[in-house]
Structures are given as structure tokens and as C-alpha cells.
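Visitor: Mind having a look at this structure? Questions to follow.
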């Protein structure tokens, strides 16, 4: 397979590299310390067209390929994982449900501002009692007077609580036939809708600059035109969108692995112990060689999944494989990079420590790695 980038994709990579290194990277340490989502950076990214990455020009985006999106992520995530995480959540699950399942009026009303970088998108799935078991959500939407009455709560929802957020698209149970299987619908709930409130910014061990909150819906009424797609097919719609989200987490994992490999390699060539550089010790060489080799394998899996989506072919298994492989590698690579740095790597003032803290969530978000194992296993049949 040839995953060489087109001229347009290469131009995008150059744009992202320059912005990441000149604008994001210098602010990463302070953003970590402040634990506040830097929406001014996201607005600048919107002005560059980066917030409409996967949205066609017709709806305000730039219509980039999935391969180009992965390549862009590799550059942004090198600079700061929190900004990259906010960006990828907006580009995928925050925007794609509206693109794929909304009607033209809904796309013009909500998707266009997201794609043009005037607003930040969020999707509400996870609940206090339902994470990997998505069908166990309890938030309900009942038909009432030309619309829907929503009650329930969501948790670990990113991008919903910033000064740039437009609201949230959420998944809720809808009325199902007596004795029938549960049904689900997706609904847009705009900011400041009566009954829609949220908790304070949650504190994680990593992604400190990502705004993540609990959301609460107490008799929230929305009109029929805020239902996205089929009121009985919301779960299938979301799961289809989540496949793209898994590619994005794989890409974010690639960027983290590359970042810690670069940091560990540079430190190994600077640090002298027992009269020689760390890089001259075979034990250190083996660690770096293993990370570099595994990174190439994960990169090929990720670009393979992205290329399948661009070709309009099924990519469920490949996306799960890429997410599983790349996120697992990111956690292992970050641990080894801290080990190479020794005591310095343990201090939060060091970039490698921040990446180490950011790594773990990659095995959890967009479907835990245990779920990825199940998805992959279900695609395997005897030959």
C-alpha cells in the first residue's frame, strides 16, 4: 500500500506543523498549569480552516481526506495533547453526526458555524452508569407538544462548557414498542436552553487543558427540528460516527508516541553517565529501537484505516485495530521515555511527564481497549 500524501495533504501538514510549533507548543506548559481550554488557539485554528477538516466546502469546511486529517493530527499532537484532543473531538463526534445524519437546514444552522470555526462541537453519550455499555444509557426523550422532553445526565463530556461551545448533541432513549428493543435518538441541545446545566470542569490526570464536564437535563424541551436523523436509529448513527473517532484517537496516539520518542532520543544523546552518553548504552538503544519499530507498525495500521474510509470501504475492524495498537503503544512508550529521563522525567515541569500523564486516557476514550478487542474478535470468522 502507498500512503504517500497528496500535494494538498502535504500543504495541510506544513500549515499544522508551523501553527503547532509556533503557537501551541510555547503555551503548552502554561496551559497544563492553568488547566483551562485555550479557546483562543482553537479560534485561530478555525480561521485557518482546521475546525472544518472533514466537512465539505458546501457546509463551511475544507473537505479534507481522512488520511490528511491523520497527518494533521500527528503535527498538532506533537505540540500539545489537550489542544489536539479538543480539536479531534470537535472534528469527529462533535461535527460528523450533523454532517452525516442532519438535514440541510440543520447543517446550515449548526454544522456551518462548527466548520467555520465560530463554535465548538460536543457529543454527549457517556453517563454515570453507562460507558462502554452504551445501550445502558438512561437519559430519555419523550414526545411532547411538537417536540421532545429530555431528562437525564451525561458525564466526561468534552467541549460542552467552554466560551466557544454551541451546546451539545446527545444520545437519548426514545419511546419503543411494548416489549420491543430499546430505541435511541440524537438531539441538539443549545447552550442556555432552560433546564440544561453543567457541573464544574472535571480534573483528570492528563488532558488538563481539555474542558470536560457533567451535563444535566431537567425537563429540557427541544422542538422536532432539533432531532438529528431517525428517532429510532440514534445508536447506529453514533456507532458509525465513533468509527472515525477511533481513527482520530489512533492518530493522537501516534503523535504522543512520536513526541516521547523524540524527547527520549534527544535526552539520551545529551545525558552522560559513567563517562558516556545514555545513547551509547545498549539497553537504551534497544528501548528506542523498539518504540520506533512499533510506531511504524501503528502508523501503517492507522493510515490503512483512514485510507479505507476515504475509499468508501468498510473500516470498522481496521479502526479498532489501529486504536488498540496505537493507544497501547503510546502508554508503553511514554513509560519508557520517563524511565530514560530518570528523575527528571518524573517531574511535572518536564514535557515527557506531561505526555506520560496524557497517555493513559488514550486506552479509554472513544471505546476502551477492551471494547476494541470485542469489536475485532466479532469480525473474525473461520477460514
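Visitor: Is there a residue in the stretch 336-355 that is in a helix (DSSP H, G or I) and under 19 Å from residue 248 (Cα atoms)?
Guide: Going through the stretch 336-355, the residues in a helix (DSSP H, G or I) turn out to be 336-341, 343-346, 351-355.
Still in the running and under 19 Å from residue 248 (Cα atoms): 355.
Looking for residues that are in a helix (DSSP H, G or I) and under 19 Å from residue 248 (Cα atoms), one finds at least one in the stretch 336-355, hence yes.
Visitor: Then there's this: Given the conditions (1) assigned to a loop (DSSP other than H, G, I, E, B); (2) without any contact (Cβ under 8 Å) to a residue 40 or more places away in the chain, report the number of the one that residue 283 does not fulfil.
Guide: Answer for residue 283: the failing condition is (1).
Visitor: Would you mind stating whether residue 210 is closer than 30 Å to residue 288 by Cβ, in a loop (DSSP other than H, G, I, E, B) and either touching a residue at least 40 places away in the same chain (Cβ under 8 Å) or in the same structural domain as residue 20 (by TED's automatic domain parsing) (or both)? Spell out how you get there, then give the answer.
Guide: Working: closer than 30 Å to residue 288 by Cβ: yes; in a loop (DSSP other than H, G, I, E, B): yes; either touching a residue at least 40 places away in the same chain (Cβ under 8 Å) or in the same structural domain as residue 20 (by TED's automatic domain parsing) (or both): yes.
Yes, satisfied.
Visitor: Looking only at residues that are surrounded by 11 or more Cβ atoms within 10 Å (Cβ to Cβ) and in a helix (DSSP H, G or I) in the stretch 270-280, which one is farthest from the chain's Cα centre (by Cα)?
Guide: 280
Visitor: Mind counting the residues in the stretch 209-255 that are modelled with pLDDT under 95, under 30 Å from residue 25 (Cα atoms) and over 13 Å from the mean Cα position of the chain (by Cα)?
Guide: Adding up the residues that qualify gives 1.
Visitor: State the number of residues belonging to the stretch 103-134 that are touching a strand residue (DSSP E or B) at 6+ places or on another chain (Cβ under 9 Å), in a helix (DSSP H, G or I) and in contact (Cβ under 8 Å) with a residue 60 or more places away in the chain.
Guide: Initially, the stretch 103-134 is screened for residues touching a strand residue (DSSP E or B) at 6+ places or on another chain (Cβ under 9 Å), giving 103, 106, 109-110, 114, 119-128, 131, 134.
Then drop every residue that is not in a helix (DSSP H, G or I), which leaves 106, 109-110, 114, 134.
Restricting the remaining residues to those that are in contact (Cβ under 8 Å) with a residue 60 or more places away in the chain gives 106, 110, 114, 134.
Result for the stretch 103-134: 4.
The values are calculated or read from the model by the stated rules, or taken from the named source; none is laboratory data. Please read all numbers here as calculations on a predicted model, not as lab measurements. Glycine also receives a Cβ, built like all others from the backbone with ideal geometry; neighbour counts cover every protein chain displayed.
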